[in-house]
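Student: I have a structure I would like to understand better, so I am pasting it below and will then ask my questions one at a time.
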Amino acid sequence: MSRSIVRQSKFRHVFGQAVKTEQGYDDIRVSKVTWDSSFCAVNPKFLAVIVESSGGGAFLVLPLSKMGRLDKNHPLVTGHAGPVLDIDWCPHNDNILASCSEDTTAMVWQIPDQMGTQPISEPIVVLEGHSKRVGIVTWHPTARNILLTAGSDNLIIIWNVGTGEALISMDDHPDLIYNVSWNRNGSLFCTTCKDRRLRVCDPRKREVVAERMAPHEGIRPMRAIFTRDGNLFTTGFTRMSQRELGLWDPTHFEEPIALLELDTSNGVLLPYYDPDTNMVYLCGKGDSSIRYFEITEEPPYVHYLSTFSSKEPQRGMGFMPKRGVDVSKCEIARLYKLHDKKCEPIAMTVPRKSDLFQDDLYPDTAGPDPALEPEEWLEGRDEDPILQSMRDGYVPPKSRELKVARKNVLDSRPTPRRSMSSRDGSANLPGKNGETVEPTLLQRPGILDHWTAVKTWYTRSLDCCKDLVY
């Protein structure tokens, strides 16, 4: 008799839950630009959203604590002459944000902790090197001040924003670049292109080191990201316009590690990857659901976990870095879903009964300190991200705080049970050898007086009866 074997995983029961209405962000006019970017970027301090703006491009920056309805007078970041297409927070400084626009420029902004009342219109550096609109901006994961931009001129430029100079320029793509993703230590990046090719590039050698033609047979846009093991996770379309995902080894591009068909829809699947849990979240523009998968070393390698569904479709999505999640609630990821006029945080949680810090859910994660300087990276040095413990972010709930008494309650003796005599106000009588003895009924104070009164009443009653008889 065969038994079905359930795969063991601590993430099998991960569930998504939207926050309460008052904990969201309302009255945000999300941009309607027809560009396949997330329109949202978030870090442990700020939420940034590309918004509608007249007379140029703008985006909104909110402190995470400023929830509820947006103040109409809240200042915007307005420096671009055309619509903003992409934004990205610096992984090494939570107050630095990069943006790119249809005005062919990329800009880097310093966001103050306390937002004033005036719009921010002066960037700290303007990066000019593209001849057409710039649609992709992404920071290097480990090196300080290294920023990559990609534009509709099919050009990829890597900048040192500390000096404002272009370090590397690559023109290996003959058509529009859909997305760019760095690997874990920043030694390589992968790209997807309108020519239906998936490429792995070494920027310091200025060459394509691996290439795959049509990892997905459909002609619609693809997305690709690096996993922590160096493999490539891709999303795309089949020849019949069904959405599918794939897992590839860039050293053996001939056959996929895994290829899985999902559903039929027009929205491009945007993958968000968590290297600590090896989980990927798929969010399709226009969808009302978020699917999440776990990548393992055992077949079928990409395991479907569950789906978070809601009523309204999403316009974009933001993904919180791991150091910004709430570890006291066993939250392993938080996504920020963009609606037409609001942003709704969604927490992904592992159900656990204990309120203690869960070491198995929170390995050391990438911290804010850069591992390399720009010159070191440019000379060919590679370093993994500097890790930090998640235990520092753990805050025990107030209801479970241990209160220590000054006196140990175990040292105190139990209170003896009071006798009926003590409750009547009588004291115990001394007995033999000095020990106390409980008094008898007639020895209790007040009992003899009561008995005398009863005897007197009984005698008088008898006398009355005799008078009646005689």
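The values are calculated or read from the model by the stated rules, or taken from the named source; none is laboratory data. These figures come from a predicted structure and were not determined experimentally. Because the Cβ atoms are built from the backbone with ideal geometry, glycine has one as well, and the counts that use them run over all protein chains shown. Surface areas here come from the heavy atoms of the whole protein model, side chains and all, with no ligands, DNA or RNA. Shrake-Rupley method; radii C 1.70, N 1.55, O 1.52, S 1.80 Å.
Student: Hey, what did the range 31-308 get for relative contact order, percent, Cα under 8 Å, at least 6 apart?
Tutor: On the way: 697 pairs, mean separation 22.0, N = 278.
Across the range 31-308, relative contact order equals 8 percent.
Student: Could you work out the local net charge near residue 198, counting Lys and Arg as +1, Asp and Glu as -1, over the other residues with Cβ closer than 9 Å to its Cβ?
Tutor: Details: positive: 196, 197, 199, 212; negative: 211.
Its environment carries a net charge of +3.
Student: Could you pull the Rg and Dmax for the range 31-308, using just the Cα atoms, both in Å?
Tutor: 18.7, 56
Student: Now for a different question. Net charge near residue 345: determine it from the other residues with C-beta under 11 Å of the C-beta of residue 345, scoring Lys and Arg +1 and Asp and Glu -1. Please list the in-between numbers first.
Tutor: Working: positive: 20, 334, 337, 342; negative: 326, 331, 344.
Taking every Cβ under 11 Å from that of residue 345, the sum is +1.
Student: Evaluate 2.2 N^0.38 Å with N set to the residue count of the range 107-168, then give the Cα radius of gyration divided by it. Before the final figure, lay out each step's value.
Tutor: On the way: Rg = 13.1 Å, N = 62, 2.2 N^0.38 = 10.6 Å.
So the range 107-168 has a normalised radius of gyration of 1.24.
Student: Express in whole angstrom the spacing between the alpha-carbon centres of the range 46-124 and the range 348-384.
Tutor: 26
Student: Which part of the range 214-252 falls in the paramagnetic zone of residue 175, meaning amide N under 19 Å from the point 7 Å along Cα-to-beta-carbon?
Tutor: Counting backbone N atoms under 19 Å from the label point, the list is 214-225, 234-244.
Student: Could you give P(r) for the range 71-142, binned at 5 Å from zero, as whole percent values over all Cα-Cα pairs?
Tutor: Cα pair-distance distribution for the range 71-142, in percent: 3, 16, 25, 24, 18, 10, 3, 0.
Student: Now for a different question. What are the GluC sites (Glu not before Pro) within the range 16-110 that DSSP puts in a loop, where the Cβ has at most 16 other Cβ atoms within 10 Å?
Tutor: Numbers: sites: 22, 52, 102; in loops: 52, 102.
Those that pass, being in a loop and sparsely packed, are 52.
Student: Give 45/341; 285/353; 10/194; 10/285; 72/337; 205/285 a once-over and call out the pairs whose C-alpha atoms are over 31 Å from each other.
Tutor: On the way: 45/341 21 Å; 285/353 35 Å; 10/194 38 Å; 10/285 29 Å; 72/337 21 Å; 205/285 35 Å.
In this structure, 285/353; 10/194; 205/285 exceed 31 Å between Cα atoms.
Student: If you take every residue apart from residue 134 with its C-beta less than 14 Å away from the C-beta of residue 134, what net charge results, scoring Lys and Arg +1 and Asp and Glu -1? Intermediate results must be reported in sequence, preceding the final value.
Tutor: Details: positive: 132, 133; negative: 86, 88, 102, 103, 128, 153.
Every neighbour counted, the sum reads -4.
Student: In addition: For the range 31-308, give the percent of accessible area contributed by carbon and sulfur heavy atoms, probe 1.4 Å, rounded to a whole number.
Tutor: Numbers: 4920 of 10930 Å².
Roughly 45 percent of what the probe reaches on the range 31-308 is carbon or sulfur.
Student: Let me make sure I get this right: for the range 9-82, a, b and c are the square roots of the gyration tensor eigenvalues over alpha carbons, sorted descending. Under 1.5 in a/c it's rounded, otherwise prolate if a/b > b/c, else oblate. Which is it?
Tutor: Numbers: a/c = 2.47, a/b = 1.64, b/c = 1.51.
Here the range 9-82 falls in the prolate category.
Student: Chymotrypsin sites (Phe, Trp or Tyr not before Pro), restricted to the range 1-110: which are DSSP loop and have at most 11 other Cβ atoms within 10 Å?
Tutor: Nothing satisfies the criteria.
Student: So what's the convex hull volume per residue for the Cα atoms of the range 41-178, in Å³?
Tutor: Working: hull volume 15.0 nm³, N = 138.
Output value, Cα hull per residue: 109 Å³.
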